[in-house]
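Notes follow the structure.
The values are calculated or read from the model by the stated rules, or taken from the named source; none is laboratory data. Given the structure is predicted, the values throughout are model-derived calculations rather than measurements. Reconstructed Cβ throughout: ideal geometry from the backbone, glycine too, with neighbour counts over all protein chains shown.
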Amino acid sequence: MTDSNECLLKTFGICKEFSSVQVLKDINIEVFRGEVLGIIGENGAGKSTLMKIFSGIYTPTSGEIHFEGKKVVIPDPLGAKNLGISILPQEFNLVDDLTVYDNIFLGSEIRKRSGLLDKTRMMERTTQLLRELEVEIKPDEKIERLSTAQKQMVEICKAVATDAKLLIMDEPTTILNRYEVDILFSLMRRLKEQGTTIIYISHKLKEVKAICSRVVVLRDGEVVFTETIEKISELEIAQRMVGRELSQVFPEKRAPRPEVIFEVKDLSVPRMLYDVSFQLRKGEILGFAGLADAGRTELGEAIFGVRKRSSGRIFMNGEEVDIRSPKEAVDHGIDYLSEDRQGAGILTSFSVAQNITLVSLFAYCASFLKFIVRKKEDEAARRHKERFNIKTPALNVKLEYLSGGNQQKVSLAKSIDPAPKVLIANEPTRGVDVAAKHEIYRFINSLTEGGLSCIFISSEQEEIIGMCHRVVVMKEGRIMGTVQGQEINEEQIMFLATGVHEGAARR
Amino acid sequence: MNRNIMVLLRRIQYEKIAPFVALAVLFVASSVLSPYFLQVKNLLNILRQVSYSGMIALGMTFVIISGGIDLSVGSLAAFNASMGILCLNYLMNKLGNEYLAMAGGILTALLLGVLSGALNGFLITRGKIAPFIVTLGSMAIFRSLALFIGSAGEIRSVSGRYGTFGMESILFVPVPVIAMIILGVVLTLVLNNTRYGRYLCAVGSNVRVAVFSAINVNRIKLIAYTLCGLIVSVSAVMLSSRFNAVSTSNLGMGFELDAIAAVIIGGTPLTGGRGTVWGTIMGAIILGIINNMLNMLGVSPYLQGTVKGLVIIGAVYIQGQKA
């Protein structure tokens, strides 16, 4: 808290309903000038909805917002921008075909007197912003050529480019590795010194504890707790969030069965993967660790038949299988959970039931005409809903009305509905809160107990260490090594992933 | 009780019933404006007029749900009908059996419909060319081929019977109208109750998700265009039978616009991913009634296009307001 203690933004009794479902109830919060306010809560607690109200995407059903002491109405994102509220969205909002500087100035282009774009000045300003962020991206690079982490950095640049008074960050570190997180945090501190107020939304308690000065906990659309950060521990925050005592985070690891069920030999994809080989045992959770762009997603997609491979053989139960399309992969008992939930995982315009049965739809068709049997479909969906604890008013609700965590559970249900023998889970807990994470860990664990083998790709060291029997570490499209048992620790994994020992890598 | 009604009201998908409401309003307005409108003969006549492009609009619905478009339908109708009649005439000379010749002619037209639709689909999926471009090209190609084989004039059939079945009525309902209704029922079932229908919506909604859901996207799209081609030929055969001839320069002129308009007015978004078959039929009938009324009220035929254009834009505007 700054000594001035001035209130930048204040809300009075904000409520929000979506088709008569109350998402936010009577929200009264204060944001002080120059602070970093952490807002945390479970899936569907209403964090993103509240932020969308601040940034003009939604209008509240009732309640008032006061900004800089005056009552304001934020009709649309442009209105928010004019007030000085900038949001860093959870999902990317960049135009792939344009360059970095075009994107940063999209909608607020600098123009010459003649009305033409002043590209030189935009380039200069972009270069300066990028330098402040300590990222090495060329300002005239096309967005489509950037990695996920780099795109995130561009998003941050874009948000701060307009000299925002209030910057809202919606889970900015989900896709960053720890070095990039450090850079982000030092940038946030610098912004704070310059007087920018930041609302920081995250599931990661450690980060909230490290960067925020105060924390607001939301649960089921209500503010349940507000406190300065020094006075509360991580465990307390977690308990306030969930509203009950937390049990152990990771389920106990069960020993996999000895037989090798799945094997990849010398798999290569031009300019992406080089001679990747590994074995997977029945009931095993095999972790794939590495920095962003280590080629783990590409490996998953190559096995699943989405990406063409230039060489390599795949064996299922010792027999060679030729997989050229996702259909053939599914037929051979392999399924893939995409890390890009909205881009490749689920259909937001389809209902819960329609999403869950999409991959395995043939199993729900009966009679001579092969009509879909709705009853059977609903039954399966209900079963998954209960098993995965999916929070939805009904099975025929479109997925766009569910929160991110519940969408993720649907995505997981969808990929295990065809009863695969091997599941490639790519970032299975991305953008999901603590409680849902625990649930997902337990699901995956119980699935492996039933004989499923899992290729577990994750950028979160903790879950890789907590969940996996063995961990394959990749770097630049190659396997650098495999660790198991006691060797599975952060230091060893980072050493393999970066090729540098911990102490040396950090300045 | 009150609450139940509220729940029921909320369940109604306004988007889906909008074309029915529009049709009802138009129907009442027309019967007030003109005493002749409600005569059975007039109503059946409207249905017959809209059935030809209406059938095509049903195939177009599938193509649009898949996220594509087919501009070639009108030209395809002209070309396929011409080839059908040429084949019929040839067989009449060779075999002398009228029924066999008719069957041969019709089968040729239908087969060509399947092939030409598949050609569009093949170029779009395998060639990875945008649907708009491919069908814009084939629109030009098939019209020019039709004009070439008919020397831009009429191709008459030598069979007397060929010209009768398209004019027949069953229980007072014209044959093409019956064909459109049967197609409507079958396609509704396919769209709502089969795997193909579900996949079609998935492909139109998000191709990448469809790929990752083990759906053979190319096959789904290919089938949509092939089906559209087949339906175009059914419509083309009915039309050529009606006149017992094909006017290569006139047949199917503007059908692509009428069909797309019917689909859009019926509530299927041009971006794909969802849509209804019945909405499209309603859309086609709405266009038909508007034309009929303009004729009855003595509005210049040259101005009818203006009204049609306004209705299309208005319909999309209203749909956008609801979203």
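Read through the list (1) over 23 Å from the mean Cα position of the chain (by Cα); (2) outside the structural domain of A:G46 (by TED's automatic domain parsing), then give the number of the only condition that A:V249 fails. The single condition A:V249 does not satisfy is (1).
Of the strands (runs of 3 or more DSSP E) that lie entirely inside the stretch A:45-104, those containing 3 or more residues that are more than 30 Å from A:E144 (Cα to Cα) span A:62-67, A:70-72.
In contact with a Ser or Thr (Cβ under 8 Å, 6 or more places away or on another chain), farther than 16 Å from B:T226 by Cβ and part of a helix (DSSP H, G or I): is that true of B:A24 in this structure? So B:A24 does not fit the description; no. Where the second residue is assigned to a loop (DSSP other than H, G, I, E, B) and of a type in the set (G, A, S) and the first is closer than 8 Å to B:N244 by Cα and lies in the stretch B:155-173, which pairs have Cβ atoms under 7 Å and are six or more apart or on separate chains? Short answer, once both residue conditions are applied: B:G163/B:S157. For the stretch A:312-328, taking the residues that are touching a Gly at 6+ places or on another chain (Cβ under 7 Å) and either among the charged types (D, E, K, R) or within 14 Å of another protein chain (Cβ to nearest Cβ) (or both), the one that is surrounded by the fewest Cβ atoms within 10 Å (Cβ to Cβ) is identified as A:R324. Among the residues of the stretch A:21-40, just one is small (G, A, S) and assigned to a strand (DSSP E or B), namely A:G38. Being part of a helix (DSSP H, G or I) and without any contact (Cβ under 8 Å) to a residue 24 or more places away in the chain holds for only one residue in A:K375, A:K385, and it is A:K375.
Here is the figure for the stretch A:294-311: residues that are of a type in the set (A, V, I, L, M) and within 14 Å of chain B (Cβ to nearest Cβ) total 3. In the stretch B:109-143, the residue that is surrounded by the most Cβ atoms within 10 Å (Cβ to Cβ) out of those that are more than 20 Å from the chain's Cα centre (by Cα) and of a type outside the set (A, V, I, L, M) is B:T125.
With respect to B:V186, is the statement that it is in a helix (DSSP H, G or I) and of a type in the set (V, I, T) true? Reasoning before the result, please.
Values: in a helix (DSSP H, G or I): yes; of a type in the set (V, I, T): yes.
Yes, satisfied.
Against the test of being within 13 Å of chain B (Cβ to nearest Cβ) and part of a loop (DSSP other than H, G, I, E, B), the options A:L358, A:L291 yield a single qualifying residue, A:L358.
Identify, please: which residue in the stretch B:205-244 is among the small types (G, A, S), under 30 Å from A:T357 (Cβ atoms) and part of a helix (DSSP H, G or I) and is, among those, farthest from the other protein chains (Cβ to nearest Cβ)? Steps first, answer last, please.
Here is the first cut: in the stretch B:205-244, the residues among the small types (G, A, S) are B:205, B:210, B:213-214, B:224, B:229, B:233, B:235-236, B:240-241.
Of the ones still in play, those that are also under 30 Å from A:T357 (Cβ atoms) are B:205, B:210, B:213-214, B:224.
Keeping just the survivors that are part of a helix (DSSP H, G or I) gives B:205, B:210, B:224.
On the way: B:S205: 5, B:A210: 8, B:A224: 17 Å.
Across the stretch B:205-244, the extreme among qualifying residues is B:A224.
A single member of A:L88, A:L98, A:L24 is in contact with a helix residue (DSSP H, G or I) (Cβ under 9 Å, 6 or more places away or on another chain) and at pLDDT below 85, and it is A:L88. Inclusion of B:T135 among residues that are more than 23 Å from B:L71 (Cβ to Cβ), in a helix (DSSP H, G or I) and touching a residue at least 12 places away in the same chain (Cβ under 8 Å) is not warranted.
Conditions tested, residue by residue: (1) within 18 Å of B:V25 (Cα to Cα); (2) β-branched (V, I, T); (3) outside any helix (DSSP H, G or I); (4) in contact (Cβ under 8 Å) with a residue 24 or more places away in the chain.
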site: B:I290; (1), (2), (3), (4): yes, yes, no, yes
site: B:G298; (1), (2), (3), (4): no, no, yes, no
site: B:L310; (1), (2), (3), (4): yes, no, no, no
site: B:V316; (1), (2), (3), (4): yes, yes, no, yes
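Taken across the stretch A:126-133, residues that are in the same structural domain as A:H203 (by TED's automatic domain parsing), assigned to a strand (DSSP E or B) and modelled with pLDDT under 85 do not occur at all.
For the stretch A:425-507, which fully contained strands (runs of 3 or more DSSP E) count at least 1 residues that are surrounded by fewer than 17 Cβ atoms within 10 Å (Cβ to Cβ) and in contact with a Gly (Cβ under 8 Å, 6 or more places away or on another chain)? Lay out the reasoning, then the answer.
Values: elements: A:453-457, A:470-475, A:478-484.
Passing ranges, in order: A:478-484.
Within the stretch B:70-101, the residues that satisfy the criterion of being surrounded by fewer than 21 Cβ atoms within 10 Å (Cβ to Cβ) and either β-branched (V, I, T) or within 20 Å of B:T248 (Cα to Cα) (or both) are B:L86, B:C87, B:N89, B:Y90.
If the condition is being in contact (Cβ under 8 Å) with a residue 24 or more places away in the chain, within 11 Å of another protein chain (Cβ to nearest Cβ) and either surrounded by fewer than 19 Cβ atoms within 10 Å (Cβ to Cβ) or over 22 Å from the mean Cα position of the chain (by Cα) (or both), then the stretch B:174-201 contributes only B:Y196.
Table: residues versus (1) of a type in the set (D, E, K, R); (2) in contact with a strand residue (DSSP E or B) (Cβ under 9 Å, 6 or more places away or on another chain); (3) closer than 20 Å to A:T49 by Cβ.
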residue: A:D170; (1), (2), (3): yes, yes, yes
residue: A:T174; (1), (2), (3): no, no, yes
residue: A:N177; (1), (2), (3): no, no, no
residue: A:D182; (1), (2), (3): yes, no, no
residue: A:R189; (1), (2), (3): yes, yes, no
residue: A:E193; (1), (2), (3): yes, no, no
residue: A:I201; (1), (2), (3): no, yes, yes
residue: A:L205; (1), (2), (3): no, yes, no
residue: A:K209; (1), (2), (3): yes, yes, no
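The number of residues in the stretch A:361-375 being under 8 Å from B:R195 (Cα atoms) and more than 8 Å from every other protein chain (Cβ to nearest Cβ) comes to 0. I'm checking my understanding of the structure. Among residues of the stretch A:329-347 that are in a loop (DSSP other than H, G, I, E, B) and free of Cβ contacts under 8 Å to residues at least 40 places away in the same chain, which one is nearest to the other protein chains (Cβ to nearest Cβ)? Taking the candidates together, the pick is A:D340.
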